[in-house]
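Here, each number is a calculation from the coordinates, and none is a lab measurement. Treat the numbers as computed from the prediction; the structure is a model and nothing was measured. Cβ placement follows ideal geometry from the backbone for every residue including glycine, while neighbour counts extend to all protein chains displayed.
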Amino acid sequence: MKLTKTKEFKVFMEPISVANPVSVLVLGICSSLAVTTQLIPAFVMTFAMTAVLACSNVIISLMRNLIPKNIRIIVELTVISSLVILADQLLKAFMFDVSKMLSVFVGLIITNCIIMGRAEAFALGNGPWISFWDGIGNGLGYGWILVVVAFFRELLGSGTLFGFKIIPQAVYDFGYVDMGFMVLAPGAFIVIGLICWFQKTCIKES
């Protein structure tokens, strides 16, 4: 099926822009602070989160008419935790160095309120096709915030991007010093706060 400007397109685009889970709904902040000191872990976390979100939405949507209401949370957690364990093991098998950089935060996707929120608020009431696009949209909405924050934190805090030195030595010779503050959690809070302010200002104006 082709994605057009229909309900699917709206479901996909809303979390990327006007209903962003991080900058508008203020969800998933812990991992946004922890994995954004460099771009590589931010990109990998985005991929893992998006994959788990999309797959869990589809699976829960397919099972929605079979899940008893009194145990739905347990079923959702079982599905999500199984997918997170799979993602974590794949990262350890094929990207071990990045897996060590992400530490426990891939495993903590299980507790991310974005995933449980979409399962409860969307996948349980909609079909698998549109639930898939909701998962992709929310994953990318979460991810672009991570990437932007990581870009500024790595560039200003370490003078690198993707581990490669960007700021020339001549700049350091002239007196420039990396902002070590940016690799700390308060630096991430400041960047996320500026993104929230900018996005909410744009939403009001539109």
Where nothing but the Cβ of Lys and Arg (+1) and of Asp and Glu (-1) is charged, how large is the charge dipole of the chain around its Cα centre, in debye to the nearest 20?
-> 560
Per the helix-only model, the chain has a calculated mean residue ellipticity at 222 nm (DSSP H runs of ≥4, -39500 (n - 2.57) each, divided over all residues, rounded to the nearest 500) of -21500 deg cm²/dmol
Helix 128-158 versus the longest principal axis of the chain: what angle, 0 to 90°, nearest 10, using Cα atoms?
-> 10
Matching label, log10 I(q)/I(0) by the Debye sum over Cα atoms at q = 0.09, 0.12, 0.15, 0.17 Å⁻¹ computed from the structure shown, candidates (1) -0.34, -0.60, -0.92, -1.14; (2) -0.55, -0.73, -0.92, -1.06; (3) -0.38, -0.65, -0.95, -1.14 | (3)
Between region 142-206 and region 36-67, the alpha-carbon center distance in angstrom = 25
Name the chymotrypsin sites (Phe, Trp or Tyr not before Pro) in region 133-172 that are in a loop by DSSP and that have at most 14 other C-beta atoms within 10 Å, would you?
-> PHE162
If the limit is 30 Å between Cα atoms, which of LYS10/LYS92; LYS100/LYS200; LYS7/LYS200; LYS69/LYS100; LYS10/LYS165 go over it?
-> LYS10/LYS92; LYS100/LYS200; LYS69/LYS100; LYS10/LYS165
